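Okay, so here's the structure we're looking at.
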Number of protein chains: 4
Amino acid sequence: MRHAHGVDPAIKESNLKRLRRIEGQVRGLHKMVEEDRYCPDILMQVASVQEALKSVSRELVRNHLSHCARRALKGSDVEAQSAIDELVAVWSKHAG
Amino acid sequence: MRHAHGVDPAIKESNLKRLRRIEGQVRGLHKMVEEDRYCPDILMQVASVQEALKSVSRELVRNHLSHCARRALKGSDVEAQSAIDELVAVWSKHAG
Amino acid sequence: MRHAHGVDPAIKESNLKRLRRIEGQVRGLHKMVEEDRYCPDILMQVASVQEALKSVSRELVRNHLSHCARRALKGSDVEAQSAIDELVAVWSKHAG
Amino acid sequence: MRHAHGVDPAIKESNLKRLRRIEGQVRGLHKMVEEDRYCPDILMQVASVQEALKSVSRELVRNHLSHCARRALKGSDVEAQSAIDELVAVWSKHAG
């Protein structure tokens with residue numbers, strides 16, 4: 001299990017809050033589906049959960065670049081190359 | 001509060017299961033952030049929650065088209081136009 | 001080769017204009033890469049081409065729902081089902 | 001006008017080829033709209049242009065990280081911070 005080399009406490013705090021709120025929103029989605037709510041209303045709510053997850057990702061990227069990635073890119077070519085490959089993989093997964 | 005005119009029981013069942021699993025994944029993300037796990041590992045997990053939400057949306061769209069939207073598009077021009085505007089709004093929110 | 005059952009002339013006109021502009025933007029991207037322009041500047045320009053393509057898609061969806069899809073959803077169950085499957089496939093390709 | 005500090009010739013070559021092909025695809029889209037082709041067929045083609053643009057972006061990100069970003073992240077805290085802000089802005093524009 002790998003850990004971050006550094007975590008900005010403000011980013012951590014706001015991401016924990018966001019994820020708590022997202023958990024509640026997902027529970028709300030479950031209830032909407034259970035109650036046969038109107039699909040476009042559920043779909044709008046799904047989109048807003050996805051927006052919230054995007055904010056979490058953005059802050060994780062910021063934290064990663066400021067700590068682990070910066071450290072690796074300062075390191076040897078091998079270390080830097082592996083950090084770059086990893087960042088490109090993360091980019092592909094999120095931006096396509 | 002608006003309700004669906006018809007809900008395919010198989011779609012409802014699988015969406016409820018998916019949302020239960022997503023709720024667990026979001027709780028897992030909270031734990032990962034709390035434990036200062038390596039950001040790219042968290043980011044990969046966020047991407048898989050996003051994928052799971054996309055499956056939920058796809059099935060909601062299928063259900064909506066099969067029931068409410070079909071009913072509205074068969075109706076008067078005013079009803080049809082309002083259903084189309086709503087579908088385009090949902091499309092924009094999800095596909096940009 | 002399949003054709004649309006109906007095309008809103010205003011949508012067609014604005015999509016043709018958008019696509020002409022997008023073609024120019026793509027040529028601009030080619031020039032930027034050729035001149036070794038700063039990658040984030042090129043990436044911002046790629047994002048704006050993506051935005052412009054999303055506007056084209058949104059209008060194509062609106063046109064399709066208003067004409068072909070409406071016609072098919074009014075038709076037999078078999079016709080309607082095939083139109084729904086097609087719309088869900090298009091949704092998946094664009095929204096995931 | 002800003003330029004890249006370094007460009008991988010293989011990335012440049014393949015991006016120039018991709019962009020030439022994309023330009024042709026956009027011209028093809030213009031023709032499809034002009035001929036009132038079936039909207040879902042056009043929409044599938046738009047999605048494939050967007051996929052192609054995503055490949056271009058991915059390679060631009062890889063090049064940027066390998067050259068300019070690496071250089072900046074090795075630099076002073078001010079330089080590094082500005083490179084990180086820029087990368088997060090590019091991320092937001094592409095991944096939301």
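The values are calculated or read from the model by the stated rules, or taken from the named source; none is laboratory data. Model, not experiment: these values are computed from the prediction. Positions of Cβ are backbone-derived with ideal geometry, glycine not excepted, and every protein chain shown enters the neighbour counts.
When the stretch A:48-68 is filtered for residues that are farther than 19 Å from A:R2 by Cα and without any contact (Cβ under 8 Å) to a residue 24 or more places away in the chain, the ones remaining, listed by number, are A:S48, A:Q50, A:E51, A:K54, A:R58. Listed by position, the helices (runs of 4 or more DSSP H) inside chain C whose residues that are surrounded by fewer than 21 Cβ atoms within 10 Å (Cβ to Cβ) and within 18 Å of the chain's Cα centre (by Cα) number at least 2 are C:9-34, C:39-64, C:77-95.
Quick one: how many residues across the stretch B:79-96 are more than 22 Å from C:S76 (Cα to Cα) and of a type outside the set (K, R)? Steps first, answer last, please.
Of all residues in the stretch B:79-96, those more than 22 Å from C:S76 (Cα to Cα) come to B:82, B:85-86, B:88-96.
Right, trim to of a type outside the set (K, R) and you get B:82, B:85-86, B:88-92, B:94-96.
Qualifying residue count for the region: 11.
Kindly indicate whether any position in the stretch B:75-87 is at the interface with chain A (Cβ under 7 Å from one of its Cβ atoms) and modelled with pLDDT of 95 or more. Within the stretch B:75-87 (the criterion being at the interface with chain A (Cβ under 7 Å from one of its Cβ atoms) and modelled with pLDDT of 95 or more), the answer is yes, since at least one residue qualifies. Within the stretch C:65-83, the set of residues being more than 21 Å from B:A89 (Cβ to Cβ) and hydroxyl-bearing (S, T, Y) comprises C:S76, C:S82. Go through the residues of the stretch D:28-50 one by one and say whether even a single one is touching a Leu at 6+ places or on another chain (Cβ under 8 Å) and within 24 Å of A:V61 (Cα to Cα). There is at least one residue in the stretch D:28-50 that is touching a Leu at 6+ places or on another chain (Cβ under 8 Å) and within 24 Å of A:V61 (Cα to Cα). Out of C:V56, C:V26, C:V33, C:V46, one residue alone is in contact with an Asp or Glu (Cβ under 9 Å, 6 or more places away or on another chain), at the interface with chain D (Cβ under 9 Å from one of its Cβ atoms) and farther than 30 Å from B:D8 by Cα. It is C:V26. Does B:R71 qualify as being touching a residue at least 24 places away in the same chain (Cβ under 8 Å) and more than 10 Å from chain A (Cβ to nearest Cβ)? It is true that B:R71 is touching a residue at least 24 places away in the same chain (Cβ under 8 Å) and more than 10 Å from chain A (Cβ to nearest Cβ).
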